[in-house]
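To keep things clear, I will list the structure first and then write my remarks on it.
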Amino acid sequence: MELRGQLVDVFEGSVYPASVRFGRVIECITRLEKAPAVFILPGLVDGHMHVESTMLLPSEYARATVRHGTVAAVADPHEIGNVLGAKGVRFMIKNGRRSGFRFFFGAPSCVPATAYETSGATLGPREVEGLLSRNDVHHLSEVMDYPGVIAGKPEVMAKIAAAKRYGKAVDGHAPGLMGKDLDRYISAGISTDHECYMLAEAQEKMEKGMVILVREGSAAKNLETLHPVLKGGKNMLCTDDMEPGDIFRGHMDSVLRKCVSLGVKPLDAIRCCTRNPCEHYGLKTGLLRVGDAADITVASDLRSFRVLETYIEGRKVYSGNKTSLPRIVEKPLNNFKAAMIRPSDIACNPSGNVLVIGAVDGELVTDKLVVPAQSLAKEGVQKIVVINRYRKALPAVGFIKGFNLKRGALASSVMHDSHNIGVIGADDESICKAANAIIKMKGGLAVFDGKNTSALALPFAGLMCGEEAGKVARRHALLIKALRPLGCRMRAPFMTLSFMALLVIPHLKISDRGLFDADRFGFV
């Protein structure tokens with residue numbers, strides 16, 4: 001096979017006319033005087049992500065993203081790990097291996113993410129080391145328990161030590177961490193962070209030797225703030241958490257487009273999602289050198305990055321709006337024991353000043369608000385409820401602002417990271433209707449509009465659908481559309497809801513056990 005076009009060399013930092021001859025590997029690259037006006041790039045790599053957040057199986061994620069020039073993903077399977085433990089991680093690896101795509105899965109480091117929530121499984125140092133010993137597990141995934149690292153918590157440090165023994169990178173997760181606490185975190189051997197949301201924070205972490213993964217996902221969009229750290233082709237790009245509709249519209253190609261629109265040089269941006277992740281993690285993904293695997297993206301130009309063809313190990317996996325990657329059918333697996341709830345289970349009569357979660361569209365970080373009880377309705381504050389999905393228990397009840405529901409409710413079993421059931425509603429009856437729809441399906445998304453319920457079932461651990469990406473994207477889009485008449489205008493309402501239970505992100509969150517202050521790292 002031979003391609004002719006403008007070759008993007010991520011080592012020389014140049015573009016030149018060339019022919020590339022290849023089978024499974026690059027056999028020959030020849031400079032030409034003239035070549036077609038298409039651009040031959042190394043295959044694009046997502047530097048950090050969670051397949052489960054796309055609500056697609058790995059094989060369907062692969063079929064969706066090769067359309068956008070992505071050939072590889074550094075994936076953390078801690079979502080399914082929190083539901084099903086090592087069994088869930090093995091399921092993801094096996095399905096990914098069958099897909100024909102390059103998945104580089106890590107060993108989840110924090111299952112559960114904290115001791116302040118109920119998860120479906122625990123991965124201790126022994127289980128994590130068992131995963132790290134596998135050749136198809138490539139790194140220790142994001143160490144979210146940064147207070148545990150700073151305090152030298154033995155269990156956390158044992159997992160990091162295991163990764164070092166196997167010569168595998170350790171990913172970080174430390175939003176807002178700076179100063180001496182950051183020094184202690186880095187000294188443990190943690191090399192990356194994808195949670196920066198302030199430029200000064202990212203710059204300090206860079207100066208102290210960390211690699212910054214600039215995230216542009218569905219809910220968290222940090223590229224506009226952090227793009228200066230990409231100057232000179234430094235650091236990496238990632239999506240972290242991206243919903244099916246966004247993936248259907250664009251993936252790493254759309255991240256590159258936004259980089260260029262913000263003033264990042266095209267070659268710098270390309271390096272951040274090709275050479276840099278491959279070198280940092282030691283990935284066996286081709287970088288357009290003789291002898292490399294023929295992992296290639298062909299794009300129309302270096303501004304729109306419209307993908308024309310994608311190759312993995314010399315096989316054309318996308319061309320002409322069609323993918324050749326296989327559709328793989330799997331048998332669902334789950335862990336779901338929640339019982340139906342009634343309005344009396346979530347009734348409460350607050351008084352005095354009430355702590356309220358301030359949800360911010362496009363951010364994982366929340367505000368910590370104080371609202372007088374008599375002003376809750378006037379201030380647009382609604383109830384948020386989290387229900388234990390692993391056993392029958394009383395729901396946790398809190399208050400939240402930002403979703404602006406005038407009526408009805410939305411609910412999801414995708415609630416990072418333990419994936420209990422989260423519901424926000426305008427009244428208790430609506431909350432119960434939406435929550436019970438999730439419980440009846442044993443996992444999924446639901447919208448109750450005051451009369452009718454719309455839903456998307458997620459039979460794989462209450463996280464993934466199993467259908468092809470386009471179908472999941474359309475059904476997901478209909479749920480978001482159903483929220484608009486109810487008053488919710490958020491760009492990614494379900495993704496934003498899912499992070500209201502992520503206790504390791506500041507400032508105020510809620511788990512199935514109660515309202516949590518991430519700054520104090522304890523219950524309110």
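FYI, it's all coordinate maths here, none of it is from the lab. These numbers come from a predicted model, not from an experiment. With ideal geometry, Cβ positions are generated from the backbone for all residues, glycine too; neighbour counts draw on all protein chains shown.
Here are a few things to note about the model shown:
- Cα centroid separation, the range 193-236 to the range 393-452 (Å): 33 Å
- Protection proxy ranking, peptides 438-451, 32-45, average beta carbon neighbours within 10 Å, highest first: 438-451, 32-45
- Computed over neighbours whose Cβ is under 13 Å from that of Asn335, the net charge equals +4, Lys and Arg +1, Asp and Glu -1.
- 21 Å Cα-Cα threshold exceeded, pairs from Lys316/Lys471; Lys208/Lys258; Lys433/Lys471; Lys94/Lys284; Lys168/Lys221: Lys316/Lys471; Lys208/Lys258; Lys433/Lys471; Lys168/Lys221
- Global size of the range 44-283: 16.7, 46 Å for Rg and Dmax (C-alpha atoms, Rg to one decimal, Dmax whole).
- Likely footprinting exposure, Tyr281, Tyr16, fewest C-beta neighbours within 10 Å first: Tyr16, Tyr281
- In order along the range 67-82, the phi-based Karplus estimate (6.51 cos²θ - 1.76 cosθ + 1.60, θ = phi - 60°) of 3J(HN,Hα) comes to 4, 10, x, 7, 10, 8, 9, 8, 10, 10, x, 6, 5, 5, x, 5 Hz; Gly and Pro are listed as x.
- In the chain, the DSSP beta bridges split such that about 75 percent are antiparallel, to the nearest 5.
- Antiparallel content of DSSP bridges confined to the range 44-283, in %, to 5: 5 percent
- The distance from the alpha carbon centre of the range 468-524 to that of the range 332-369 is 10 Å, rounded to a whole number.
- Listed peptides 472-484, 138-150 appear in the order 138-150, 472-484 once ranked by packing, highest mean of other Cβ atoms within 10 Å at the front.
- Fewest-first sequence of Leu267, Leu288 by Cβ atoms within 10 Å of each Cβ: Leu267, Leu288
- Ratio of Rg to Rh over the range 378-519 (Cα coordinates, Kirkwood Rh, two decimals): 0.94
- Projected-area mean, the chain, by convex hull of Cα positions, square nanometres: 22.5 nm²
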